[in-house]
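As structure tokens, the structure follows; a few thoughts come after it.
The values are calculated or read from the model by the stated rules, or taken from the named source; none is laboratory data. Model, not experiment: these values are computed from the prediction. Positions of Cβ are backbone-derived with ideal geometry, glycine not excepted, and every protein chain shown enters the neighbour counts. Remember, those area values only see protein heavy atoms, side chains included, never the ligands or the DNA or RNA. Shrake-Rupley method; radii C 1.70, N 1.55, O 1.52, S 1.80 Å.
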Amino acid sequence: MQRYFVIPEQFSGDTVTIGGEDARHIAKVMRGKEGDKLIVSDGSSREALVEIVQIEIGEVTANVVEVLEMTHEPRVKITVAQSLPKGDKMETVIQKCTEIGAVSFQPFLSERTIVQYDERKEGKRLERWRKICKEAAEQAHRNIIPPVEPPISWKLLLQSFAEYDAVYFCYEKEEGLQLRSAAGPKLEALKDQSTVKIMVVVGPEGGFTVDEAAKAEAAGAVPVGLGRRILRCETAGMVAAACLLYESGEMGGA
């Protein structure tokens, strides 16, 4: 069943109003009609099965049929921190990691970031990333749209590590500690917490410098490998997120 996100104000009692691109999608792409049912979520506290009662240009009105439990979000809250990659790779990271279950994204700039960061153009790019995230969340039947934050500096990223229960720094030169060996005991120790906040830090195409790895570890991150193969930067975050959710039991794991 098709799912759409709205802002909380679009819920009014037992009625919900869907506007903008979503309304056009229902009318033109889905060829919606009165009596059709949809799932609508405000992305925070309310989700419902609704029935369309009116379709107008740019606006769809529906009545709540059943309030639904919001049970599609993982207990382990993974933030993917990705150094800005070239081309449209960040779009791939956001789309696929949203499907997997990441709860937020923090782009950042590191020493080997190739992308020329232009703050004047950043608003348009951020808007596109957030649109991709919303569409992926709807497709995956998420209860929330993971926020995509504006890019920050390496220094600010290091300072944010203290906000998490664990930070795993994906480092291709790490030959000893692998992600599962690091995360397994930690997740077991935190199994009684209602939520666990984890950040996965992924570098750009050229990887991290030795100095960056040392500073990340000094700031509290655990350098980890992701197996014997070198992964592309747009693949590493997906693999790490999937492994962590599996290890935590979200995908039928331990």
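Please go through segment 96-124 and pick out each residue that is among the acidic types (Asp, Glu), part of a loop (DSSP other than H, G, I, E, B) and open to solvent by less than 70 Å² (accessible area, probe 1.4 Å). Before you say what the answer is, go through the steps one by one.
Initial filter on segment 96-124 (among the acidic types (Asp, Glu)): 99, 111, 118-119, 122.
Those still in the list that are part of a loop (DSSP other than H, G, I, E, B) too: 111, 118.
The one that is among the acidic types (Asp, Glu), part of a loop (DSSP other than H, G, I, E, B) and open to solvent by less than 70 Å² (accessible area, probe 1.4 Å): Asp118.
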Q. Any idea which of (1) open to solvent by less than 60 Å² (accessible area, probe 1.4 Å); (2) modelled with pLDDT of 90 or more; (3) more than 25 Å from Gly249 (Cα to Cα) is the one Glu127 doesn't satisfy?
A. (1)
Q: Report, by residue number, each residue of segment 159-171 that is buried (at least 16 other Cβ atoms within 10 Å of the Cβ) and either more than 30 Å from Trp129 (Cα to Cα) or acidic (Asp, Glu) (or both).
A: Asp165
Q. So which residues in segment 130-141 are of a type outside the set (S, T, N, Q) and open to solvent by 10 Å² or more (accessible area, probe 1.4 Å), if there are any at all?
A. Arg130, Lys131, Ile132, Lys134, Glu135, Glu138, Ala140, His141
Q: Of the numbered conditions (1) farther than 21 Å from Val93 by Cβ; (2) of a type in the set (D, E, K, R); (3) at pLDDT below 95, Lys215 fails exactly one; give the number of that condition.
A: (3)
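If you check Thr17 against the conditions, is it β-branched (Val, Ile, Thr), open to solvent by 40 Å² or more (accessible area, probe 1.4 Å), more than 21 Å from Glu250 (Cβ to Cβ) and in contact (Cβ under 8 Å) with a residue 40 or more places away in the chain?
Values: β-branched (Val, Ile, Thr): yes; open to solvent by 40 Å² or more (accessible area, probe 1.4 Å): yes; more than 21 Å from Glu250 (Cβ to Cβ): yes; in contact (Cβ under 8 Å) with a residue 40 or more places away in the chain: yes.
Spelling it out, Thr17 is indeed β-branched (Val, Ile, Thr), open to solvent by 40 Å² or more (accessible area, probe 1.4 Å), more than 21 Å from Glu250 (Cβ to Cβ) and in contact (Cβ under 8 Å) with a residue 40 or more places away in the chain.
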Q.
For Val29, only one of the following conditions fails: (1) closer than 27 Å to Val148 by Cβ; (2) open to solvent by less than 20 Å² (accessible area, probe 1.4 Å); (3) of a type in the set (Val, Ile, Thr). What is its number?
A. (2)
Q: Read through the list (1) over 30 Å from Gln2 (Cβ atoms); (2) at pLDDT 95 or above, then give the number of the only condition that Gly237 fails.
A: (1)
Q. Which one of these does Leu156 not meet: (1) open to solvent by 60 Å² or more (accessible area, probe 1.4 Å); (2) aliphatic (A, V, I, L, M); (3) touching a Leu at 6+ places or on another chain (Cβ under 9 Å)?
A. (3)
Q: Residue by residue through segment 150-188, note down the ones that are without any contact (Cβ under 8 Å) to a residue 60 or more places away in the chain, closer than 24 Å to Arg112 by Cα, within 22 Å of the chain's Cα centre (by Cα) and not in a helix (DSSP H, G or I).
A: Pro150, Ile152, Ser153, Val167, Phe169, Tyr171
Q. Is it the case that some residue within segment 55-68 is surrounded by fewer than 18 Cβ atoms within 10 Å (Cβ to Cβ), of a type outside the set (A, V, I, L, M) and under 19 Å from Arg130 (Cβ atoms)?
A. no
Q.
Please return the ranges of strands (runs of 3 or more DSSP E) entirely within segment 19-93 where 1 or more residues are of a type in the set (Ser, Thr, Tyr).
A. 37-41, 59-67, 76-83
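Anything in segment 32-46 that is open to solvent by less than 40 Å² (accessible area, probe 1.4 Å), under 20 Å from Ala102 (Cα atoms) and out of contact with any Asp or Glu (no Cβ under 8 Å at 6 or more places or on another chain)? List them, or say none. Before you say what the answer is, go through the steps one by one.
Our first condition is that a residue be open to solvent by less than 40 Å² (accessible area, probe 1.4 Å); within segment 32-46, this holds for 32, 35, 38-43.
In the following step, the residues that additionally are under 20 Å from Ala102 (Cα atoms) were identified as 41-43.
Within segment 32-46, Asp42, Gly43 qualify.
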(Q) Could you tell me how many of the residues in segment 202-254 are of a type in the set (Asp, Glu), buried (at least 20 other Cβ atoms within 10 Å of the Cβ) and farther than 22 Å from Thr98 by Cα? (A) 1
